Each structure stands twice: as C-alpha cells, then as structure tokens.
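First the structure, in the form of structure tokens, and then the observations on it.
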Amino acid sequence: MENKFYNRFTKIIRSCNYDNTYKMAWAKSIVELCSTKELNEDNIVITLHDITFKFLKYYWNQTIFFDLVQGSNLKKPPVILSLTKNLIEKYFITIGKKQPEVFEKVEDRFSNIGLKADYEKTINNIERTLKFDVSWRFDNIEDNSPKLYQYTKGDNSLIIKKCNAQILKNNEQDLYDLINYRWSLILETFNSSPRINKKVRIIDERNIKRNSLSKFKTYLDIENPNHHCFICGKETQNTELSIDHVIPWSYMYSDDIWNLVYVCQHCNSIKSNVIPTKEQIDKLKERNNKLLSILENKGISNKEVDELKLSIEKDYVNKFWTGCKG
C-alpha cells in the first residue's frame, strides 16, 4: 500500500505539465502540512485555508526577491501569482520602500501597517482559486492506483489517511528535493534568470541572508580610491558609501567583483532593482578592464582576480544584462 501511494504521489510530480507551477506548490503544501501535524487521528484533515497560506508564502518569497515568471502565458500570468504581486506592491507602497522581506517576517505586520483587509482579501481570493481551479486537478490522473486523499471539487478541506500522511512525513526531505527540482525545470522554460534551483530552494528557508560585501572594498578602493559614485559621479564620504550590484542581486543571486561598484546612499536607495542602462553597462565593462589591469600590474593573483578575468573573457556583463532584460 505504501508503494502505491508514494509512487502515485511522485508520479504526479514527475509527469505534471509545464503550463504553470501550481501543482508543485500544491504538492509542497501537502507535504509541509503533513510534516508539521501531529498525526494522532486515523484521518488527517487538511483545510484549503492552510494550503492557501502556504501558496502565498511560496509565491511571495520567490516573487519579492526574484520576480520569477510562474506560467507559460506572459500576457495572462497565473491568478495566484497576480494576487501575490498585488499584495507585494501594496506592501512596498505602504512601507515607502522596495525592501524585500520573507513572508514569515511580514505576515504579522499587515494589521499594524493598515493592510489587514488587503491581506485577508488576497487570502480569500487565492483560496477561491484553489477550490475551483487547482485542488481537484492535482490527483486527477489516469492511474489504477487509489486516490491520494478524499476530496470533491468545491470542498473546504481534504482528508488523507494517517498512514499516507506518515509516508509523506517520513520522506519529507526527499519529496522536497523532487518537488524543487521539478519546480526548477518548469521555471527554466519561462525564465532566463541564473541559479533557478537556488531561487526555488530559498523558499524553504526562513531567513534569506545576503552576505556582507565589505570583503570587496579592497578591490574597489584600488580602482576607485576617491569613492566616486558609479551612478551620479560625485565623490562620496565613507559614511554615505554603499556597494551596489549593477545587475540587480535579485536576478544574479550572487556577489561578484565584476558586478559590484561604489555608489552613494542616495543613488542606492532610489535605484532598487532597476535594470541598468546600456551606458551603465558600457561603463561597468570599462571599469572591469581597468580594474583587472591594475590588479595584474600589482601582481595580485587570487580567486577574485580569476573570476574578474573570466567575466571579461566570457562577456558576463553583456550576457547577464541581456538575460536580465528578458
């Protein structure tokens, strides 16, 4: 019985179509909810409201940091993604800045910042979409094996046997790996963004940490000792100096010397995740050539220098800039 249930569950994940990522979010929700529940009853009840909360969390974290496309139709994105984006935009407007935060850190703030009604409306609309367009599709495959759980289209909850819920709980990590892998494959058909797999896995982490960029100051100081802002050109005091990713971090999801420059705090605060202009890209390429020449003349040879040299040889600046625009 265990093999039939597990095989059916994984078969659905492996054989899903590439139209959107709803099935992956549904599968991950079921696994996460079974893994966090006390399985004391013979039948485990999972509400659509609980699943809705997971959907919003997954799409919020992927969107607010990386703005990943989640469906094949660019003119008509998945409804749940649009609902999530609308809530994110209202959150940004309300706090007055585009500062990304994981959902786990903001879920309790909506009431305090006047977005309780918007949050509840988003939850209700996502739940309505799940009930009539998503819930019944997941387990709807031509297979002689028993259904995964008891559910009728329009119900507010599904019922899964304790033994089957325990299977999901026991195989939690393997299932997360499979779901994330398939989710990444789907996203790679819609997005040219690098490191898709890492961006999918990040939604399993409570804290999305960005590394300190202070280690790059030595290299930036060599080429730009007077700390001229890359954007406005003004000489900047140390107290007002920031290190910025020319091609946004939300696209690259990495810190590379060839993509880092000094900017004043004012320019950095208004830049947000704006895609750089061609002029800025040409300026960055010129800076990289100059920086490499200085480092080589000084006899400096290490990982950062090798990466800088490789970025010039492979024209990373243009390649990633082009992908970012797409």
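Calculated FRET efficiency, Glu89 to Tyr181, Cβ-Cβ distance, R0 = 41 Å: about 0.85 to the nearest 0.05. Compared with the dominant Cα axis of the chain, that is its longest principal axis, helix 48-66 is turned about 10°. Entry note: segment 56-180 has Rg to Rh equal to 1.02, where both radii use alpha-carbon atoms and Rh is the Kirkwood radius. With Cα atoms defining each centre, segment 259-284 and segment 8-84 are spaced 35 Å apart in the structure. Put in order of Cβ neighbour count within 10 Å, fewest first, the listed residues Thr52, Thr152 become Thr152, Thr52.
Checking the cross-link pairs Lys121/Lys271; Lys90/Lys153; Lys85/Lys121; Lys76/Lys98 against a 20 Å limit on the alpha carbon distance flags Lys121/Lys271; Lys90/Lys153; Lys76/Lys98 as lying beyond it.
Angle, helix 303-313 long axis vs. longest principal axis of the chain, Cα atoms, 0 to 90°, nearest 10? Long axis of 303-313 versus the principal axis of the chain: about 90 degrees. Label sites at Lys75 and Lys303, each approximated as a point 7 angstrom past Cα along Cα to Cβ, lie 4.7 nm apart. Placing pseudo-labels 7 Å out from each Cα toward the beta carbon at Ser145 and Asp221 gives an inter-label distance of 6.0 nm. Computed about the Cα centre, the dipole magnitude for segment 214-325 is approximately 180 debye when only Lys and Arg (+1) and Asp and Glu (-1) carry charge, each at its Cβ.
The label-point distance for Lys319 and Asn7, in a model that sets each label 7 Å from Cα toward Cβ, rounds to 4.3 nm.
When Rg and the Kirkwood Rh are both derived from Cα coordinates, the Rg/Rh ratio for segment 203-294 amounts to 0.96. Put +1 on the Cβ of every Lys and Arg and -1 on every Asp and Glu Cβ in the chain; which of Ile202, Ile80, Asn43 then has its Cα farthest towards the positive end of the dipole? With unit charges placed on the Cβ atoms, the residue in question is Ile80.
For segment 172-248, the equivalent ellipsoid derived from the Cα gyration tensor has semi-axes of 38, 15, 10 Å, listed largest first. The average projected area of the chain, computed from the convex hull of its Cα atoms over all directions, is 19.4 nm².
Rounded to the nearest 0.05, the FRET efficiency derived from the C-beta distance between Glu240 and Asn40 at R0 = 56 Å is 0.45. Per residue, the convex hull spanned by the Cα atoms of segment 13-85 measures out at 104 cubic angstrom.
Computed about the Cα centre, the dipole magnitude for the chain is approximately 480 debye when only Lys and Arg (+1) and Asp and Glu (-1) carry charge, each at its Cβ. Suppose only helical runs count, i.e. DSSP H with n ≥ 4. What mean residue ellipticity at 222 nm does that imply for the chain under -39500 (n - 2.57) per run, divided by all residues and rounded to the nearest 500 deg cm²/dmol? So the helix-based figure for the chain works out to -16500 deg cm²/dmol.
Each value in this text was obtained by applying a stated rule to the coordinates, not by laboratory testing. Everything numeric in this text was worked out from a predicted model, so none of it was measured. Backbone-built Cβ (ideal geometry, glycine too); neighbour counts: all protein chains shown.
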